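The values are calculated or read from the model by the stated rules, or taken from the named source; none is laboratory data. If you're wondering where the values come from, they're calculated on a predicted model, not measured in any experiment. Here the Cβ is made from the backbone with ideal geometry for all residues, glycine too, and neighbour counts use every protein chain on show. Heads up: the accessible areas ignore ligands, DNA and RNA and are worked out on the full protein's heavy atoms, side chains in. Shrake-Rupley method; radii C 1.70, N 1.55, O 1.52, S 1.80 Å.
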Amino acid sequence: MESLRELYRIGYGPSSSHTMGPRKAAEDFISRYPEIKSVKAELFGSLAATGKGHLTDKAIREAFQQKGVETEIFWYPDVFKSFHPNCLGLSSADGSVYETYYSVGGGKIVRENEAKKEDADVYPDDKLGSMKKLLAYCDTEGLQLWEVVLDFEGSGIVDYIGEVWSVMQDAIKRGLDNEGVLPGGLKLARKACLVHEQAMSMTGALGNTLVAHSYALAVSEENAGGGRIVTAPTCGSCGVLPGALYYIMQEYNIPEKRVLRALMTAGLVGNIVKTNGSISGAEVGCQGEVGVACAMAGAAVAQLLGGTIHQIEYAAEMGLEHHLGLTCDPLKGLVQIPCIERNGFACMRAVDHASYALVGDGRHKISFDDVVEVMMETGHALPSLYRETSMGGLARVYGI
C-alpha cells in the first residue's frame, strides 16, 4: 500500500477525481513536453458527463494557462474506456504527441501503460495488504494500528498528518462562518452555520448529534465552494472524518496527539479499500466515497474512545457495510446534492458505529475484507447511470 500522503491529499474542491486528478494530469503532461504551446484535451466517460459541474475544464485550463499553453477541450460522455471511467486524453495540437491519463479516485492519476513503480508502496502487501493481515501483524508485534504507520513511514509522517488536521480544522471553522449560496446553478444555500447555531441552543442528546452533523456539513460545503480541504478519502466525502474527529475531540477534551494517531488509523482503513477495492464514485458509486469515509471515521472514533484493534475493525466494517449499494447521482454533476447531506449523516453514523462496536468485544460475523470485496462486486453491478454520470437516479428526476 502507498503512503498516507497519497490518501490524504491537501487541495481545493470540489472533486478529487474530476478536479484534482485532471489538474495533476495536465501538470504532468506539460512537464513532459514543455515545448508544446497548444494542447487538445479529450474528456471521456464520467469526466465528460459531469466534468462541467465538477469544474474539470476550468482545472485543466488553469494548469495549462499557468505555463502559457492554449487549450481546446472536447467532451465524449458516451465513450467509456475499459481501464477506468474517468479518462483524459492530452495531445499536442498537431497530434504528434498523445498521452492517456486515468483519474482513479482521491486525486490519483495513472498514465496508460505506465508500470507501477517498485518504490511506490511503503506498506508491504504480503504483511499488511488486507485488514486480516494488518490485524494479525498487530497481534504478533503487539502494536496498535497507528503504530504500524510510524514503523513503516517513519516519524516524519506525524508532521504531515499534523498539517492534514490543521487544514481539516480550518475548513470546519470557515464552513461554520461562511453563509450564502453555493456556486454552480442549483442555488443551494449553505446550512452548516444555521445547523450549528440551532444545535448549540438545543438541550439534550439531539443537540449534541446535530453539532457533529454541522461540522461535517461545514467541510463539505467548503469543498463544494472550491475551498481548501483534505481528501478523506475523496473530496466528495471530505466532511465525514474531520466532522467526527472534531466532535469527539471537543466532547471529550482529547489532546491533538491522539487525534493525529486516530487519523493514521483511519488512513490505514482507507488505504486497504484503495488497494483492494476502489474509492472512486465513477467506478463503484458513492459507497466507495461516503461509505469508505464512514468506515475511516468509525475506526478513528472507536480508537479515540479506547477501542481495541478488533473493535476498531468492527466499527470500520459497519461503516462500509451499511453503505453498500449507495449510488453516485449528483444533481447537475455538482458535489452538492445529495453529497453534502450524505457527509453529515455518515459522520453521525460513524459515531454510532464506534459506540456499537465498543459495547461488544469486537467479534462479529462479517469481516471488513469481506465487505470490501462485496463493495467492488456491487459497484461493478451498478449501471453506469448510477456511477457519477448524472444520467440516472436523483440527477435524472431533477432534470425532468
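Odds and ends about this structure:
- Residue count for region 367-400, restricted to those that are under 20 Å from Leu320 (Cβ atoms), of a type in the set (Phe, Trp, Tyr) and out of contact with any Ser or Thr (no Cβ under 6 Å at 6 or more places or on another chain): 1
- So Val230, is it closer than 28 Å to Lys52 by Cα and buried (at least 24 other Cβ atoms within 10 Å of the Cβ): yes
- Members of region 342-388 that are of a type in the set (Phe, Trp, Tyr) and either part of a loop (DSSP other than H, G, I, E, B) or surrounded by 19 or more Cβ atoms within 10 Å (Cβ to Cβ) (or both): Phe368, Tyr386
- Taking each residue of region 248-267 that is closer than 16 Å to Gln144 by Cβ and looking for partners that are polar (S, T, N, Q) and open to solvent by 60 Å² or more (accessible area, probe 1.4 Å) with beta-carbon atoms closer than 9 Å, six or more apart or interchain, yields Arg261/Gln144; Thr265/Gln144.
- Complete set of residues in region 19-42 that are under 21 Å from Gly239 (Cβ atoms) and in contact with a Gly (Cβ under 6 Å, 6 or more places away or on another chain): Met20, Gly21
- Scoring Ser82 on the criteria (1) modelled with pLDDT of 95 or more; (2) farther than 24 Å from Gly399 by Cα leaves a single failure, condition (1).
- Some residue of region 35-58 being surrounded by 21 or more Cβ atoms within 10 Å (Cβ to Cβ), of a type in the set (D, E, K, R) and over 30 Å from Asp126 (Cα atoms): no
- Residue that is crowded, with 18+ Cβ neighbours inside 10 Å, farther than 30 Å from Ser220 by Cα, without any contact (Cβ under 8 Å) to a residue 24 or more places away in the chain and not basic (Lys, Arg), where the choices are Thr140, Thr100: Thr100
- Per this entry, Lys67 is not counted among residues that are closer than 28 Å to Cys286 by Cβ and open to solvent by 40 Å² or more (accessible area, probe 1.4 Å).
- Screening Glu112 against (1) of a type outside the set (Gly, Ala, Ser); (2) open to solvent by 30 Å² or more (accessible area, probe 1.4 Å); (3) at pLDDT 95 or above; (4) more than 20 Å from the chain's Cα centre (by Cα) leaves a single unmet condition, (3).
- Where strands (runs of 3 or more DSSP E) sit wholly within region 1-109, those with at least 2 residues that are under 21 Å from the mean Cα position of the chain (by Cα) occupy 10-12, 86-92, 98-105.
- Of all residues in region 187-209, those being modelled with pLDDT of 95 or more and crowded, with 16+ Cβ neighbours inside 10 Å number 7.
Residue by residue, here is whether (1) in a helix (DSSP H, G or I); (2) closer than 15 Å to Cys347 by Cα; (3) of a type outside the set (Gly, Ala, Ser) holds:
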site	(1), (2), (3)
Lys187	no, no, yes
Met200	yes, no, yes
Val211	yes, yes, yes
Ala216	yes, yes, no
Ser220	yes, yes, no
Leu241	yes, yes, yes
Leu245	yes, yes, yes
Met249	yes, yes, yes
Gly270	yes, no, no
